[in-house]
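The values are calculated or read from the model by the stated rules, or taken from the named source; none is laboratory data. As the structure is a prediction and not an experimental result, all values here were calculated from the model. All Cβ positions, glycine included, derive from the backbone under ideal geometry; neighbour counts span all protein chains shown. Ligands, DNA and RNA are stripped out before the accessible areas are found, and what is left, the full protein with its side chains, is counted by its heavy atoms. Shrake-Rupley method; radii C 1.70, N 1.55, O 1.52, S 1.80 Å.
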Amino acid sequence: RTFMAVSANTLFHFTGCLDNLVNILNSGGFWPRYCVEYGWRKKFAVCQCCFCDIPLSDIQKHTKNYGCYGLGMSKEWGMSNGISPVMYLIKDSFMGKNIVSMAKNVPKEGERKLLAMLKVYKGVNYKKDKSGRQIRQNNYPYYDEREWRYVPPTIAPENMCVLTVGDKDLSVLNDGMKGKLLNFTVADIKYIIVPSKQRELLLAQIKNMVNYPDKDKEILMSKILTTELIFSDI
């Protein structure tokens, strides 16, 4: 009997434009950033780099929300770097209620410590909203994303989660993460995914990269898949 895989042997990271993808390849690493977590009583941001554990056959819905430019990394590389699945919680469950209660009752001076502990948790909402990404943050079923998360091990625990009030705060925090790349080698990359209309431009960009020898450039170019090819085969 053949079973359909519900997870992949690949960790995908998608972004919204070719420049972002080229910057990741050029730097040889992923840049952790502070991302706001939605669904909790307090607004806070977690220092992280996110991946999804979704088979290519199910990736189309994910690219609509996060972009069609992606890297597929080996799961062995991810685990060796401490990347781990997040714990999804329903706020009305036993664990969810306890966390919400802790957040409400913690003393003001203890908030940063609490947020550091909460870095491994993420809210779940099963009602899917098709109206767009901004609304999706309230109604989208995050559980479907099968998220794996990287948190820099060298960052101080109290800085893993921080209370935030606006985009300016996030920008300052993210500038401080530029030296904490999650590094990879050419061998760690399984797929490079772009829309077909950007394939030739990406090939040209790779040829001009000065950080890779010609042999590695050839390997990178051989790993390019187009989103149209993927979607036509599913």
- prompt: So is residue 180 of a type in the set (Lys, Arg) and either at pLDDT 90 or above or farther than 19 Å from residue 28 by Cβ (or both) or not?
  reply: no
Qualifying positions in segment 199-225 - modelled with pLDDT under 95 and not in a loop (DSSP other than H, G, I, E, B): 225
field: Boolean, residue 65 is under 15 Å from the mean Cα position of the chain (by Cα) and either at pLDDT below 90 or more than 30 Å from residue 23 (Cα to Cα) (or both)
entry: yes
Whichever residue in segment 18-41 is modelled with pLDDT of 85 or more, open to solvent by 40 Å² or more (accessible area, probe 1.4 Å) and over 15 Å from the mean Cα position of the chain (by Cα) and, among such residues, is nearest to residue 202 (Cα to Cα): 19
query: Restricting attention to segment 102-111, which residues are surrounded by 15 or more Cβ atoms within 10 Å (Cβ to Cβ) and either part of a strand (DSSP E or B) or of a type in the set (D, E, K, R) (or both)?
result: 111
Scope segment 74-94; condition in contact with a helix residue (DSSP H, G or I) (Cβ under 6 Å, 6 or more places away or on another chain) and part of a helix (DSSP H, G or I); matching residues: 77
query: Counting only residues that are among the aromatic types (Phe, Trp, Tyr) and over 17 Å from residue 146 (Cα atoms), which one in segment 74-98 is least open to solvent (accessible area, probe 1.4 Å)?
result: 77
query: Considering only segment 170-187, how many residues are assigned to a helix (DSSP H, G or I) and open to solvent by 30 Å² or more (accessible area, probe 1.4 Å)?
result: 5
task: Check whether at least one residue in segment 42-56 is open to solvent by 60 Å² or more (accessible area, probe 1.4 Å), of a type outside the set (Ser, Thr, Tyr), out of contact with any Lys or Arg (no Cβ under 7 Å at 6 or more places or on another chain) and at pLDDT 90 or above, and report yes or no.
output: no
message: Would you confirm, using the coordinates I've provided, whether residue 54 is farther than 30 Å from residue 111 by Cα and part of a loop (DSSP other than H, G, I, E, B)?
response: yes
task: Consider only pairs whose beta carbons are under 6 Å apart and that are at least six residues apart or on different chains; among these, list those whose first residue lies in segment 49-65 and is in contact (Cβ under 8 Å) with a residue 60 or more places away in the chain and whose second residue is of a type in the set (S, T, N, Q).
output: 53/7
task: Please work out if residue 71 is crowded, with 18+ Cβ neighbours inside 10 Å and either assigned to a helix (DSSP H, G or I) or at pLDDT 85 or above (or both).
output: yes
query: Just wondering, is there one or more residues in segment 141-160 that are aromatic (Phe, Trp, Tyr), open to solvent by less than 30 Å² (accessible area, probe 1.4 Å) and at pLDDT below 80?
result: yes
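Okay, residues lined up against (1) in contact with a helix residue (DSSP H, G or I) (Cβ under 7 Å, 6 or more places away or on another chain); (2) within 24 Å of residue 172 (Cβ to Cβ); (3) assigned to a helix (DSSP H, G or I):
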| position | (1), (2), (3) |
| --- | --- |
| 21 | no, no, yes |
| 50 | no, yes, no |
| 63 | yes, no, yes |
| 96 | no, no, yes |
| 100 | no, no, yes |
